[in-house]
Amino acid sequence: MMPLARKLSTKTKWLLALLGVVLIGAGGYVWYQQSQPKAPVRAPDASTQGGSDKTSLPDHQTVPSSDKVPDKKDATVTIVRLEQKGNEVIIEGDVTGAADGATCVAEFTTPMDNPVNGEAKLVDNNTKCGPITLPAADFAYLGNWSVTLTVYTGGGKAVSSAKTITIK
C-alpha cells in the first residue's frame, strides 16, 4: 500500500501546507489579542463631544468616578421600574431630596461585559428619574446584569440599592 503523501499531487501538498500556515497564523493572532490587557474605557471630555454639556455620557462609556463625590444624606433614589420590553430596556426611579438640575445615571454592570449607562434629568419637581430607555442591542451579553441608579445633586450623590435584570 502506498503512503498518503505519495498519492497527493504537488499542488495539493502546497495548498495543504499554505492552509496549515494560515491556520497557525490566525491562531497566533487570536492568542496575542486575548493576552493583551484591556484598556479602561473613559468618558471623553466636552472637547471630544462637540459641545460643552459635560453631564451627557455617550453610549457604552463608564460613569466618571463617583468615589470622590460625597453621599448626600438627605437625598434618596429607589428603582421602581426595571424591565425589558421588546428591544428596549427601561428603568425608572423615585427620588427625594434632590435639587433643581439634578442628574440621574443608570449603570448596568456584569462581569461578562463592559458597563452600559444611561442618563436623564429629573422630572416632576425633581421626584422622578426617567424613564431611561436603552436599546437592548447595547447589551452584548445576554444574561444577568446588576443595575443601580445614582442621582447627582447639590454637590453630592444618592445611590439606589442594586437590582438584577436578565437581558434576553
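Here are the numbers:
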{"item": "Unmet criterion (only one of (1) more than 15 Å from THR78 (Cβ to Cβ); (2) polar (S, T, N, Q); (3) in a strand (DSSP E or B)) for THR148", "result": "(1)"}
{"item": "Hits in region 99-109 - residues which are crowded, with 18+ Cβ neighbours inside 10 Å and either among the β-branched types (Val, Ile, Thr) or over 16 Å from ASN144 (Cα atoms) (or both)", "result": "ALA102, THR103, CYS104, VAL105"}
{"item": "Residue count for region 106-145, restricted to those that are assigned to a loop (DSSP other than H, G, I, E, B) and more than 21 Å from PRO70 (Cβ to Cβ)", "result": "9"}
{"item": "Restricting region 117-126 to residues that are surrounded by 15 or more Cβ atoms within 10 Å (Cβ to Cβ) and closer than 16 Å to VAL80 by Cβ, the residue that is farthest from the chain's Cα centre (by Cα)", "result": "ASN126"}
{"item": "Where a residue in region 136-164 is on the phi > 0 side of the Ramachandran plot and its partner, wherever it lies, is exposed (fewer than 13 other Cβ atoms within 10 Å of the Cβ), with Cβ under 8 Å and at least six apart", "result": "GLY143/MET112; GLY143/THR166; GLY155/PRO70"}
{"item": "Condition met for ASN114 (surrounded by fewer than 13 Cβ atoms within 10 Å (Cβ to Cβ), of a type in the set (S, T, N, Q) and either out of contact with any Gly (no Cβ under 9 Å at 6 or more places or on another chain) or over 18 Å from ILE167 (Cα atoms) (or both))", "result": "no"}
{"item": "Filter result for ASN144 (polar (S, T, N, Q), buried (at least 17 other Cβ atoms within 10 Å of the Cβ) and modelled with pLDDT of 90 or more)", "result": "no"}
{"item": "When residues of region 82-98 are limited to those that are surrounded by 13 or more Cβ atoms within 10 Å (Cβ to Cβ) and within 22 Å of the chain's Cα centre (by Cα), the one farthest from LYS168 (Cα to Cα)", "result": "GLY93"}
{"item": "Number of the exception - GLY154 against (1) surrounded by fewer than 14 Cβ atoms within 10 Å (Cβ to Cβ); (2) closer than 18 Å to VAL69 by Cβ", "result": "(1)"}
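The values are calculated or read from the model by the stated rules, or taken from the named source; none is laboratory data. For clarity, every value in this text was computed on a predicted model and none was experimentally measured. Neighbour counts are summed over all protein chains in view; Cβ atoms, including those assigned to glycine, are modelled from backbone coordinates with ideal geometry.
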